[in-house]
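The values are calculated or read from the model by the stated rules, or taken from the named source; none is laboratory data. Please read these numbers as outputs of a predicted model, since none were measured by experiment. When we count neighbours, we look across all protein chains shown, and the Cβ atoms used for this are built from the backbone with ideal geometry, even at glycine. These accessible areas exclude ligands, DNA and RNA; they are computed on the full protein's heavy atoms, side chains included. Shrake-Rupley method; radii C 1.70, N 1.55, O 1.52, S 1.80 Å.
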Amino acid sequence: MLLRLVGCPRGIHFAGDTAQCISKDALFRFENAKALFYERFSGSTVSTRELKPKLLPLSHNFRSHKRILRVASLVMELLYKGFPELVDKLPPEIGDNFGPKPTLYVGTNIMDILKFEEEMETPPKSDVEHGNSNEFGGLRVILVRDEEIRDNLRKELGSSSSVLTILQSKGMEFDDVLLYDFLSTSPYSDKLNILEELLQRGHHTDSYREDHSGDRSHADWTKDNIVLCSELKTVDTGE
């Protein structure tokens, strides 16, 4: 639709990130955009060179520190190996600052810890009344899978707690981000061992064909595990 609004390909600029394309039924890829570009302007008066848009990766990340970006790069590696047709292969992002290592917490008293942290981080009431809060983010946020988990967690922690779904948090910035109970509530939680296999075997779809007498293709594997692709994209967005 956007390409049909212009009559000349010169000066058109598209920007996006296929790894953060987490809305339902959204399968944007730059390769698809290039194909549409060629179809729209081929046969016109433009040269063949102009029919091939240049892809400029923006790999310098000014928002996250290096250790967060390393985790994000690991998630992207899993996506590249498992679903190469659904994401664009881009260079890993780089950052300027090191920062602390991401921490995984496993325990039964997580609610007590979250309540304590919320009490420590809740801004003074006077700041909110005077409009000193940051509309683009804040000190800390807890990200959850869906609205049901968000609402339940807000009841536990209090209505003033910063609890958002990952989709709600897109475009916002926070100093600290907690991914709460994400993998255990995943519809793919019983098959997460595939992640380890993807890393160890290089490309899990190859071993999948060997174990199934060669009757299944890579497209079959992708179809069977498409939920995992969505889960990895959501985790990457949360980071």
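Miscellaneous remarks
- Only lysines eight or more places from Lys223 in sequence, or on another chain, were considered; those with a Cα closer than 19 Å are Lys24, Lys81, Lys191, Lys233.
- 5 angstrom amide H check on Asp176, placed H, neighbours 5+ away: Arg140, Val141
- Across the stretch 94-103, computed HN-Hα scalar couplings (Karplus, 6.51 cos²θ - 1.76 cosθ + 1.60, θ = phi - 60°) run 10, x, 9, 10, 6, x, x, 6, x, 10 Hz from first to last residue, x flagging Gly and Pro.
- The stretch 2-109: chymotrypsin sites (Phe, Trp or Tyr not before Pro) in DSSP coil with no more than 10 other Cβ atoms inside 10 Å: Phe62, Phe98, Tyr105
- Applying 1/(1 + (r/R0)^6) with r as the Cβ-Cβ distance of Asp146 and Arg10 and R0 = 35 angstrom yields a FRET efficiency of 0.20.
- Near Arg4: Cβ cut-off under 14 Å, other residues only, Lys/Arg at +1 and Asp/Glu at -1. The net charge is 0.
- Sequence of Asp236, Asp176, Asp112 from largest to smallest accessible area, 1.4 Å probe: Asp112, Asp176, Asp236
- Within the shell defined by Cβ-Cβ distances under 14 Å, the residues around Leu55 carry a net charge of +2, with Lys and Arg each +1 and Asp and Glu each -1.
- Exposure ranking of Cys21, Cys8, Cys229 by accessible area [1.4 Å probe, largest first]: Cys8, Cys21, Cys229
- Rounded to the nearest Hz, the phi-derived 3J(HN,Hα) couplings of the stretch 77-86 under the Karplus curve 6.51 cos²θ - 1.76 cosθ + 1.60 (θ = phi - 60°) are 4, 5, 5, 4, 6, x, 9, x, 7, 10, where x marks glycine and proline.
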